[in-house]
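Inspection log for the structure reproduced underneath, given as C-alpha cells.
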Amino acid sequence: MTDLVLAIRHDWTLEQIKALFAKPFNDLLFQAQTTHRQYFNPNAVQISSLLSIKTGACPEDCSYCPQSARYDTGLERERLMSVDKVKQAALNAKSNGASRFCMGAAWRNPTDKNLDRVIEMISVVKDLGMETCVTLGMLTRPQSKKLKAAGLDYYNHNLDTSPEYYKEIITTRTYQDRLDTLENVRVEGINVCSGGIIGMGETDLDRAALLQQLANLPEHPQSVPINLLVQVENTPLYGTEPLDPIEFARTIAVARIIMPKSTVRLSAGRNDMSEEMQALCFLAGANSIFYGDKLLTTPNPDENEDLALFEKLGINASGKLRQDSSETAAA
Ligand code: SAM
Ligand code: DTB
Ligand code: SF4
C-alpha cells in the first residue's frame, strides 16, 4: 500500500476531513482518483433512472423541495401510480440502458397499505431484471423487513446536510429520525443509499460535517448521492447564492476518499453543470448518475446528451464497475 491509500475507516474526525478539503486541488483530485482506482474501474459509471410514483402534497417542510405542500411551486399533485404505469416506465428506462430503477414518493413515511402497493412495484421491476431502489421517507424496522423480503436492493434516505445546519432546512423531522431510518434499513440487510444536498447556503464546515456523518455510520452507505441543490421557484431556498463548482468537485473528491468502496453518485443538479464540470466530478471519483430527462419533478439532461458525453470521455455505462468482483454496472 502506498501512503496515498486509505483504509476503510469509521472514525474520521472533523479536523481530518477539513484537512482533505483544504488540500491543493490537484493533490486532492490525485488522491481521490488514486483511491478510486483501488476499488473501481475508472472508466465505468453506473446509471439509475428515477420515477416519482407519488408526487407533491407532502406534509414535510424541507425547504429545498418542490413537493412540499407548504410551498406553491405549481406542481401538479398525483396519487400513487398504478403498477402498470410503473412497469411501462421501468421498461422504457431499461431499453434506454438504465441498470437500476429508483422509485420516489412524496411521503413523510409510507402507510402499511401504501407499502404493499410499492412491494408490488418492486416485484414487477425486479422481474424485468433491473435493480430496485425506493425512497419513501421514514421507515420502521418491520417495514424494512417487508421490503427486504420483497427483494428490494437499495433504500434511499438522505441525511441532507450537517446536524448543525439541518434545523435551518427542515423542522418537521429530526436528524435522529433520519439516522434511525438508516439503521432500520441497514440491520435488515438492504443496501443503504444516503447522501445529501449541497449548495443550500451551508458553510464549508457543514459540508465536512455531512461527509463525516456518512463515513462514520456503522457501515458506509453502499451508495452516496451528492446532490447539487436544484433551485425551484417559491421554495424557501430559491435564490440561494450558487455554490462554486470547484467546491462541489472537492466535496465529491472527499466523499470518494473517505468512503472508498461506496458508489458516489453525481446526483441532482447536472442540468446546471457544464460537460467540463461533470468530467471533473468523474475524475474526482463520482461513478454513478441519474439517467433520463427527468429527476423526480425537475429536469435532468437528455439521454442523448449523456451518451455523447460518455462517448467523449470513453466512459462505459455497462462495463464492470468494481475492480474486485465480476459485478457489472448493469448487474
Ligand atoms: N419524501 C421522501 C424523503 O424525503 O425521504 C423521499 C423523496 S425526497 C424527494 C428524496 C430526496 O431528494 C431528498 O431527501 C433530497 O435529498 C432530494 N431532493 C429533493 N428536492 C431536491 C432539490 N430541489 N435539489 C436537490 N435534491 C433534492
Ligand atoms: C437523491 O439523492 N436525489 C434524488 C433521489 N435521491 C430520490 C432526488 C432528486 C430530486 C431533485 C428534485 C426533483 O426532481 O424533484
Ligand atoms: Fe416531502 Fe421528501 Fe420533499 Fe421533504 S424531500 S418535502 S419529505 S417529498
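When the stretch 242-298 is filtered for residues that are away from ligand 3 (no atom under 16 Å from the Cβ) and in a strand (DSSP E or B), the ones remaining, listed by number, are T263, V264, R265, L266, S288, I289. The single condition from (1) among the polar types (S, T, N, Q); (2) in contact with a Pro (Cβ under 9 Å, 6 or more places away or on another chain); (3) surrounded by fewer than 24 Cβ atoms within 10 Å (Cβ to Cβ) that S262 fails is (3).
All of (1) farther than 21 Å from L91 by Cα; (2) open to solvent by 20 Å² or more (accessible area, probe 1.4 Å); (3) hydrophobic (A, V, I, L, M, F, W, C) hold for L136 with one exception: (2). Regarding the stretch 67-74, can at least one residue be identified that is surrounded by fewer than 20 Cβ atoms within 10 Å (Cβ to Cβ), modelled with pLDDT under 95 and out of contact with any Pro (no Cβ under 9 Å at 6 or more places or on another chain)? Looking for residues that are surrounded by fewer than 20 Cβ atoms within 10 Å (Cβ to Cβ), modelled with pLDDT under 95 and out of contact with any Pro (no Cβ under 9 Å at 6 or more places or on another chain), one finds at least one in the stretch 67-74, hence yes.
Every test in (1) in contact (Cβ under 8 Å) with a residue 12 or more places away in the chain; (2) open to solvent by 50 Å² or more (accessible area, probe 1.4 Å); (3) over 22 Å from the mean Cα position of the chain (by Cα) is passed by V124 save one, and that test is (2).
Given the condition open to solvent by 30 Å² or more (accessible area, probe 1.4 Å) and in a loop (DSSP other than H, G, I, E, B), answer yes or no: does some residue in the stretch 48-56 qualify? No. Please specify each residue of the stretch 27-47 satisfying the condition of being among the hydrophobic types (A, V, I, L, M, F, W, C) and open to solvent by 40 Å² or more (accessible area, probe 1.4 Å). Within the stretch 27-47, F30 is the sole residue that qualifies.
Tell me whether the stretch 82-101 contains one or more residues that are part of a strand (DSSP E or B) and within 15 Å of ligand 3 (Cβ to nearest atom). No - not one qualifying residue is present in the stretch 82-101. Looking at the stretch 217-229 only, could you name the residues that are in contact with a Ser or Thr (Cβ under 7 Å, 6 or more places away or on another chain) and open to solvent by 10 Å² or more (accessible area, probe 1.4 Å)? The answer is H220, Q222, N227, L229. Cβ-Cβ distances below 7 Å connect the following pairs, each with a first residue in the stretch 183-204 that is under 11 Å from N227 (Cβ atoms), a second residue that is within 16 Å of ligand 2 (Cβ to nearest atom) and part of a helix (DSSP H, G or I), and a separation of six or more residues or different chains: G195/L214; G196/L210; I198/R207; I198/F248; I198/T251; M200/I169. Counting only residues that are under 11 Å from H157 (Cα atoms), within 15 Å of the chain's Cα centre (by Cα), surrounded by 24 or more Cβ atoms within 10 Å (Cβ to Cβ) and of a type in the set (A, V, I, L, M, F, W, C), the stretch 183-216 holds 1 of them.
The values are calculated or read from the model by the stated rules, or taken from the named source; none is laboratory data. Note that this is a predicted model, so its numbers are computed, not measured. All Cβ positions, glycine included, derive from the backbone under ideal geometry; neighbour counts span all protein chains shown. All accessible areas refer to the heavy atoms of the entire protein, side chains included, with ligands and DNA or RNA removed. Shrake-Rupley method; radii C 1.70, N 1.55, O 1.52, S 1.80 Å.
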